[in-house]
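Reading through the structure tokens given below for one structure.
Laboratory data are not the source of any read-out in this text; all were calculated from the coordinates shown. Small disclaimer: the values here were computed from a predicted structure and weren't measured. Every residue, glycine as well, gets a Cβ built from its backbone with ideal geometry; the counts of neighbours run over all protein chains shown.
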């Protein structure tokens, strides 16, 4: 009996500490206006559910900091499956709430008959659950895959870090406001105000540090080794610290996979999608049935649509995917297979002529493209050529002036014809110079990637 009493006292102390951490989040309305508003829509697509949200739970109420498909800011805590998620060490999956043994609450704040639910707790650095990241549907559906749950857990950690960082900045900003008021009455508080401002800057630096950490992860996914029989030059310039452009250069022995891809979005959302895309290509490269460039795009298209549940345009709230091109260098045949999704590749012959190779006018992973769509393959004999693969961040550069114009494919082609007698490295350097001279002080508006190669 004494042990049970001790355990009850410990649980009460933990709950008091947890409620204190919720109180320290400050004004929830300010959190509702932050970047986390984009996350529920991503969760809906990831899990294929009707609604999703980010919530914190105090003693009696579940507060929604962000939602998609719920149209409310709070509900009673009692009866909510998120209350069960708070007590879970990992993801909680309820395939049918009506038949679930844990459905012991007298009344639910949601329409929980036959409800499908997936949630993960938001755990603070002290190991206490502040709230949940969840998705739900009015009818049962297949449980999520381990890959989907892993991505959901990663999102929950990012959301928790963001909420805590925003709350800290909010608290420090309040302190500065109070100190500024006192400083008007007494000049003796000048040093203290400066110290508090420094704390705010440090808090902001912590946020930037998290983004830089994401940048290191993205850079780690990029190829580090160039095959000895290829001469390659690469330009990769994200618009922000992280971006949605990626390139692939993978030596598989008989074949070399070369791809330049422009994933939907910029910054952190684009980087997250690029990570999913890289993982999809890894699976395709480990499939012995996938050989040609078109087969690669077809396989990756199916994987992305399945992972993000982008099957029905009417039910999807977003359209995640990528445009890009891919080449497979078949060493034994001394030829390339080429395929593209809404992108082209330029080929410079030995006499300086530039040919544009086009592929399919479909985006990989798009809800507008059927799951069974097969991307076409073109075969290219390898001679003395330079191959130029690029994203639209290259051609969409604008120049200065009252009527700015795009750098465009015409300017790119002219620049390639001028420098056709050089190595891929010199071609890339001169293209970079041409773009910088063209835009002047006009800011960039998109990630930039260009991969130039020739077979030795």
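Mind giving me the nanometre distance, one decimal, between the label points for residue 205 and residue 441, set 7 Å out from Cα along Cα→Cβ?
3.1 nm
At q = 0.09, 0.10, 0.18 Å⁻¹, work out log10 I(q)/I(0) for the stretch 2-157 with the Debye formula, treating every Cα as an identical point scatterer and leaving solvent out; two decimals please.
-0.28, -0.35, -1.12
Any chance you could run the full-extension gain for residue 384 through residue 351? It's 0.36 nm times the residue separation minus the Cα-Cα distance, nm to one decimal.
Details: separation 33, 0.36 × 33 = 11.88 nm, distance 0.95 nm.
This chain segment gains 10.9 nm when fully extended.
State the percent of C-alpha pairs, over all pairs in the stretch 25-96, separated by a distance greater than 15 angstrom.
58 percent
Arrange 64, 387 by Cβ neighbour counts within 10 Å, fewest through most, would you?
With the sparsest Cβ surroundings first, the list reads 64, 387.
Assuming R0 = 51 Å, what is the FRET efficiency of residue 197 and residue 333, from their Cβ-Cβ distance, to the nearest 0.05?
0.20
Using a 7 Å offset from the Cα along the Cα-to-Cβ direction at both residue 71 and residue 95, what is the distance between the two label points in nm, to one decimal?
3.1 nm
Can you tell me the convex hull volume per residue for the chain, based on C-alpha atoms, in Å³ to the nearest whole number?
209 Å³
Find how many whole Å separate the alpha carbon centroid of the stretch 327-347 from the alpha carbon centroid of the stretch 19-68.
When both Cα centres are located, 45 Å separates them.
Taking 22 Å as R0, compute the FRET efficiency from the Cβ-Cβ separation of residue 417 and residue 358 and round it to 0.05.
Working: r = 19 Å, r/R0 = 0.86.
For residue 417 and residue 358, the calculated efficiency is 0.70.
Could you calculate the FRET efficiency of residue 20 with residue 252 from 1/(1 + (r/R0)^6), where r is the beta carbon distance between them and R0 is 56 Å, rounded to 0.05? Show your work: numbers first, answer last.
Numbers: r = 55 Å, r/R0 = 0.98.
Efficiency, rounded to the nearest 0.05: 0.55.
Work out, step by step, the length gained on full extension between residue 32 and residue 403: first 0.36 nm times the residue separation, then minus their alpha carbon distance; give nm to one decimal.
129.7 nm
Once label points are set 7 Å from the Cα along Cα→Cβ at both residue 59 and residue 426, what is their separation, rounded to one decimal in nm?
My value for the distance between the label points is 7.7 nm.
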